[in-house]
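So the structure is just underneath, and the comments pick up after that.
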Amino acid sequence: MKNSQKVSKLAELQNSTMEKQLNTLQEDALESLKKINNLEKLKELEVEYLGRKGKLTEILRGLKDVPAEQKPLAGQLSNKVKTIISDAIEAKKQEIERIDVEKSLNEGFFDTTAPSTSSQIGTIHPVFETLTEVENIFSQMGFTIADGPEIESEYYNFTALNIPDDHPARDMQDTFFVEQTQHPEHGHQVLRTQTSPVQIRAMKEHGAPLRLIAPGRVFRNEATDASHDSTFHQVEGLLIDKDISIAHLKGVLEQFLTRLFDKKVSVRFRPGYFPFVEPGFEVDFSCLICEGKGCRVCKHLGWVEFMGAGMVHPNVLKAGEIDSEKYQGWAFGFGLTRLVMMRYKIPDIRLLTSGDLRFLKQF
Amino acid sequence: MLISLNWLREFIDIPSDFSPEELANRLTLKTAEIETVIKQGKHLDDIVIGKIQKLSPHPDADSLTIATTDIGDQSLQIVCGGANLKENMLVAVAKIGATVSWHGTETITMKKTKIRGVESHGMICAGEEIDIDDPNAGPKDILDLTYLKSAPGTPLATALSLNDIIFEFDNKSLTHRPDLWGHYGIAREISALTKFPLKVFRPTTQIPETGKSPQVTVETPELCPRYSAIIVENIVVEESPAWLKSRLKSVDHGTHNNIVDITNYVMAETGQPLHAFDLDNIKEGIVVRSAKPKEKITTLKDEEKTLSTDNLVIADHEKPLAIAGIIGGKHSGVTTKTTSILIESANFKAAPVRNTSSKLGIRTDSLQRFEKSLDPHLTTIALKRALEMILKVCPQAKISGPITDINNFDYKPVIIKLNTEKARTKIGVNISNKRISEILASLHFEITEEKEDSFTVKVPSFRSTKDVLIEEDLIEEIARIHGYEEIDEKIPRLPLHLPAKTPLRDATIEARKTLSYGLGFNEVLNYSYYGITDIKNCLLSESDHLTIKNSLSQEQTHMIISHLPNLLKNVQTNIKNFPDLKLYEIARTFRPTDDFFPVEDTYLSGIITSPKNQSPFYDSKGVIEHLAHSLDIKLPRPVPQITATPYAHPKQAITYLSPSGATLAKCYHLHPLVLRNFDLENFQVSGFEINLSELISLKKVSKTFKQIPKFPASSIDISVIFSLDVEVQSAIDVIKKSNQALIESVALFDNYQGPGIPDNKKALAFKINLRAAERTLTDEEVSSAQKNIFNNLETLGGTIRNK
C-alpha cells in the first residue's frame, strides 16, 4: 500500500514544471538513444544528458525553487529519470558492443584444419591391450587374476600337472632348461612352457573353491617362423567348486567371447588330449568372419581352433591338495598371442616382438 | 595318418549313401580331428577316356597332329603333339573345363583354343600332366590307356578305379589312442559312432603244431612284454600284385616287394608293426637285448647309427639286426634273393623306444605306433594276418612251424567303478543310466555289475594300456559319444564374490595409460633373454645371469637382468625412421639367488633419445615422478648415485631408494661407451627403470582436503648466477630454508648458459611464492624475506642478477 501512496504523490509532483522538464528530458534522451549506433556518439549522448554540465544537472539546478516538502519527491523523480537513462545507455552500449563483436567474427580467416598441437601420442602393445580386456571380462565374472613365476620348476610345469617323466612334452626340443643344479623335489629349472603351473600354485595357496585366470608369458624351444615364436602369451582359466560341469565351461566361454568380440560367438568342443585334464577337449569358436558358414579365414570349416580345455584331472587336484571327491572343475588355456593376431589380422607373429615402431604405432 | 574308406569297408558296412563328409565330421567331433577328406581322382574331373578315330597332319606344324577323338557322346577335334599317337588308341582327354598341369608344372584350366590356326577342343594328356605314373613313356609320349579297354566317355577316375576316399587324421589328436593306428581300429570306432555293424577280425591261417620255430631269447623282459615270431620258407620275393600296391599307395605307403609290402599292409590294418628278416642272415636265433656300448648298425635307410646301452636291439648271436620297434638293419632285410623269412610281431614299452628314436633322430611308422603303448594282445593276431596274406600272394610259401611267443606281460583287465551320478554332474547333462550303458557297450566296454548309481566296468584290452584307467576316462567316453554338441551351455550359479586385489596388475595398467596415452611413449614387447654380445655391449657381467642350457641362438642365451640391452636394440631398429624415440616395456627380470627359484621383479623400463646437445635425463626423471603421482605414491628424494647399472653414466644418474633401502627406480644418461657400442654416438639417450614390484609396496598417499588460501600470495622472481657445479636442488633448499614459514613454493623457470653469462657459470631463475594463511603479506615482510633469500644464495656462492 505504501508504494501506491508514493506513486500518487509522485504523480502530483509530475504536474509541476520540474516534473515536466524531467519527463521531457527522459523522453528526449530515450528517443535520441534509438538513433545511436556507435560508442563515440553514445558517449557524447551520455555527457549531453547525464554529464556534469549536462541537461539533467541543468534541470536539477531548479531544485532550489521547489518547496521544501516536495524536495524529497523531486529528488526521487530525478534519480529515477537518471537511472532509466543510464540503464538505457548501458543497454545500448552492450548492444553496440555485441554487434561490433559479431561483425568481427566474419573478419580474417582461421584455419581449423591445421593439425592439433597435442603432444606426441603413444601406443600400448596390442598383446597387452587385449590382455587387459580379457582380464576385465573375467574379473567381472568374479575370476581372480593370478600370477606365477616365469622360471618354473619341472615339478610345477610338468609333474604336478600329471605329465609323466617320459612324456614328449618334456623333450629338450620343446622346453628351455636353465643351467642350474637339479633340486631333489623341483627337478630342473625350466622356462615355463604353459601358464598351467599357476593352477597348482593357486590350489595350494587358496584351496577350493577357486575361480581364477592366470595370464602370462610362456616359452617354447621352437624354431621361429610366421606362426611360431619362442615367446608368446597364454591365458589359463580355472574354476573349481562342488558341481562344476562341462556345460558351465561352455557357458562361461561363450559369455567371454561374445563380450570380447562384441558379437554373438558360439563354441564347440571336440575330443582332445592333455594330460592335466580328463575329459579333455579342443575348443573351437564360430568363425567371426562368416559366422559359421565357412570362409577362407576358417578354411571353410566355419570354426576356428581356439584352445585346449577339460575337467581338471584328479591327479592335478591331488597335487594341488584339493579333495577330488568333494570338488571338481575345469581348466582351459588359450594362446592370447594367437587371439591378438586373429583380432588385428597380424600375418606374422614375429612382428609382435620386432620392436618396430612402424608396426607398434598402428595400435 | 591316412585312412582309406574302401579299406575300412572291409571291416564295417558303411552304406554307400552315407557321406564321407558326415563321417569325417562325426569322427572330428567325437574321436579325433580329420584334417582333410581327399577324394581320389578329384583332380581328374572332366577328364575322360577318348578313342582316337582319325589322325591327320597339322597344315602348319610338322610336330603337331590333328586327332579326331571319340569321347562317347561326341567326337572332338584336338591338336596334339604326342609322339606315340595311333589310331584306335585309348587316351586321356581333358575336356574344356578340366584342370591339368601343363607340361607337369603350370596348373591350367582347359579352354577352347586355336593352335597354329587350327581349333582344338581339349587336350590329349601325358601322364605327368594329370599326375598319373607312366614309367615307360618317352619324352613326348602321351598316356596310352588302351590296356584299360574302357568305353570312350568313361570318366578317367572310374576307368582307373580311383574311387576311394582318404581321411587324413591329425596325428596329434591320436596320441592317447593306441587302438586307432590302423584301419580296423578306426572301423571299430566308427561302428560305435554310427551303429554300422563291425566284422570280427579273425585271420584263418592254419599254423602247424610242429616244425621249425624261431629261437628267441628276451634278455630285457621289462622293455619287451611280448615277442612273437614265425618262420616261413619257400617264398618268392617279387613285386606285389596291383591290388596290394594300390592299397598301400592310397594311404601313401611306398612299395618295395611282396613281403615288406605285406608287413606294411598288416600294420596299416591292425596298427601292429611287423618286421621280416631274411632267415639266412640270422645266426642261430633272435636275442632281444640292450645295445652294447658304441655298437653300430646300418639301417634300412642306409644310415649308420652308433648305439648306446639304453637302446634296445633285436640281434642274433653275433650282431644287431634291428633297432627294436624303430627300424630294421640293412643286412638282415628281405631282398629278391631271400627264400626264407622270420617275421617278428613284438610289443615294446613305449617310453624307451621313443627315447631311442629321439636320441638317434629316426622316426618311422613303426615307432609312431609303439610310442603310443600298443596292446600286447595284438602280436599274434597281426602275425596270423600276415601269414594269411603271404599264402594268398605267394601260394607256394610254407609255414615252417608254430609261432614262438615269448610272453612277459601279465594281463589283468582294468576294472573301473563308475558313479553314474558323478558322470552326469561332470558332464552337465542328464544322461540316463541306460544311455550310459549303451555307449559303453558300443565301445566294447563290458558292464560286469550294474547298480542304481554305479556300474562296474571292464575296459577292453585295446583301450587299457594307458588310455582308459580311471573313472574320469570313462566319463570322457560317455561325454564324447553322447556328443559334446548335445551339452547346452550353462552359467555357473556361484555366490557373489569379489576377486582378490591385484596391485601389481593395477599398477601396470596405470603405467601403460600414463606412459602411452599421457606421455607419448610406445610400448614394446621384447624377449626375456639376450646374448653375450648384448651383455658385453652394455658392460654387464655375464656371471650375474641365469643361462639357458638349450638356447635357440647366440642372441638368446642369457635371462635378462635388465631391459636396457633389448631396448637399445629397439632403438637401433627404429632410430633411422624415428630420431626422437620414447620406448618402454613392462616385463620381469631374473636374478639368480641362493634359493632354487630366482627373483623375478616386474620392471617398467624405458628409453628416450634426443639430439646430442639435449638432456633427455630430465624427461626420464619426469616419467618416474609422473608415474608415482598416477599411483598416489610419494617418492623419496633421489640420491645422486647409481649401483649395479654399468651401462649408465655414473655421474649422470640418480636412484630412488625406499625407506628400507631397496631400489625403487633409477634414471640416467647412457654410458658413452654403451652409446658407442650401439652406434648411437650422435645421440643423447636416457633410461629409466622402475621396479613396480617394489614401488607398489610403498604406502599410498592419503589425500586430505586443505583449506583453499584466502589471502593472496606474493611472488618474487630471482635470477642468480652460480658455478656449473652448484646443484639446483641445493639452491632450492637454501631458498626454502631462508623463510620456512612463508615460502609456499620454489620453481626453477630458467637454467641458462651462454652469451651474457661468464664461462663455467649458469644463470638460474626461480619463481618463489610467499604466503601467510591468515593475512596479506606486507611489503616489508616480502622484502625482508627476499633479503634473506639473497643472503642465503650468496652464501652458497651465487651472484644475484636482479638485486
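We did not get these values from a lab; they are worked out from the coordinates using the rules stated. Note that this is a predicted model, so its numbers are computed, not measured. With ideal geometry, Cβ positions are generated from the backbone for all residues, glycine too; neighbour counts draw on all protein chains shown.
Computed quantities for the displayed model
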read-out: Burial ranking of peptide ranges B:353-366, B:168-181 (average Cβ count within 10 Å, highest at the top); value: B:168-181, B:353-366
read-out: Geometric extent, Cα atoms of the stretch B:394-498 - Rg, Dmax (angstrom); value: 20.3, 80
read-out: Two-site FRET efficiency, residue B:577 against residue A:261, from Cβ-Cβ distance with R₀ of 22 Å, rounded to 0.05; value: 0.10
read-out: Averaged over A:348-356, number of beta-carbon atoms from partner chains that fall within 10 Å; value: 4
read-out: Computed [θ] at 222 nm, deg cm²/dmol, the protein assembly as shown (DSSP H ≥ 4; -39,500 (n - 2.57); rounded to nearest 500); value: -9000 deg cm²/dmol
read-out: Compactness of the stretch A:227-363 - radius of gyration and Dmax, Cα, Å; value: 16.9, 54
read-out: Square roots of 5 times each gyration tensor eigenvalue, C-alpha, the stretch B:59-136, largest first, Å; value: 18, 15, 14
read-out: Full-extension gain in nm, residue B:172 to residue B:86, via 0.36 nm per residue minus C-alpha separation; value: 25.8 nm
read-out: Relative packing of A:106-113, B:684-691, A:36-43, which averages over residues the other C-beta atoms within 10 Å, highest first; value: B:684-691, A:36-43, A:106-113
read-out: The stretch B:594-751: projected area of the alpha-carbon convex hull, averaged over directions, in nm²; value: 13.2
read-out: P(r) tail fraction, the stretch A:2-105 - alpha-carbon pairs more than 20 Å apart, %; value: 45
read-out: Mean separation of Cα contacts under 8 Å, 6 or more apart, over the residue count of chain B: relative contact order %; value: 8
read-out: Shielding by partners - mean other protein chain Cβ count within 10 Å, residues of A:229-241; value: 2
read-out: Pairwise label distance in nanometres, residue A:165 with residue B:238, each label 7 Å out on the Cα-Cβ vector; value: 5.3
read-out: Dipole of the stretch A:2-105, positive direction: furthest Cα of A:25, A:42, A:96, with charges on the beta-carbon; value: A:25
read-out: Distance histogram for the protein assembly as shown (every C-alpha pair counted, 10 angstrom bins, percent rounded to whole numbers); value: 2, 7, 12, 14, 14, 13, 11, 8, 6, 5, 4, 3, 2, 1, 1, 0, 0
read-out: Fully extended contour minus Cα-Cα distance, from residue B:317 to residue B:760, at 0.36 nm per residue; value: 150.1 nm
read-out: Values of log10 I(q)/I(0), in the order q = 0.05 Å⁻¹, for chain B under a Debye, Cα-only, solvent-free model; value: -0.55
read-out: Rule-of-thumb Rg ratio for the stretch B:649-702 [Cα; 2.2 N^0.38 Å; N residues]; value: 1.44
read-out: Label-zone membership for the stretch B:748-785, site residue B:708, 7 angstrom Cα→C-beta point, backbone N under 20 Å; value: B:770-777
read-out: Two-decimal Rg/Rh across the stretch B:114-227, once Rg and the Kirkwood Rh are taken from alpha-carbon atoms; value: 1.19
read-out: Point-to-point label distance, residue B:614-residue A:100, nm (Cα→Cβ direction, 7 Å offset); value: 4.4
read-out: Peptide A:144-151 - average C-beta neighbours from other chains (10 Å radius); value: 6
read-out: Stretch gain in nm, segment residue B:146-residue B:306, where the contour uses 0.36 nm per residue and the Cα spacing is subtracted; value: 52.4 nm
read-out: Dimensionless Rg/Rh of chain A - Kirkwood Rh, Rg from C-alpha atoms; value: 1.53
read-out: Among B:667, B:361, B:462 - extreme Cα towards positive end, dipole of the protein assembly as shown, charges at beta-carbon; value: B:667
read-out: Taking only Cα atoms of the stretch B:465-606, radius of gyration then Dmax in Å; value: 23.3, 64
read-out: Alpha-carbon Debye profile of the stretch B:714-800, log10 I(q)/I(0) at 0.12, 0.16, 0.25 Å⁻¹; value: -0.34, -0.58, -1.23
read-out: Relative packing of peptides A:249-256, B:448-455, B:24-31 - highest average C-beta neighbours within 10 Å first; value: A:249-256, B:24-31, B:448-455
read-out: Residues of type lysines that residue B:536 reaches as a straight line, Cα spacing below 26 Å, ignoring anything fewer than 8 places off in the same chain; value: B:549, B:569, B:576, B:582, B:612, B:651, B:666
read-out: Dimensions (Å) - the stretch B:394-446, Cα atoms, principal axes, largest first; value: 60, 29, 15
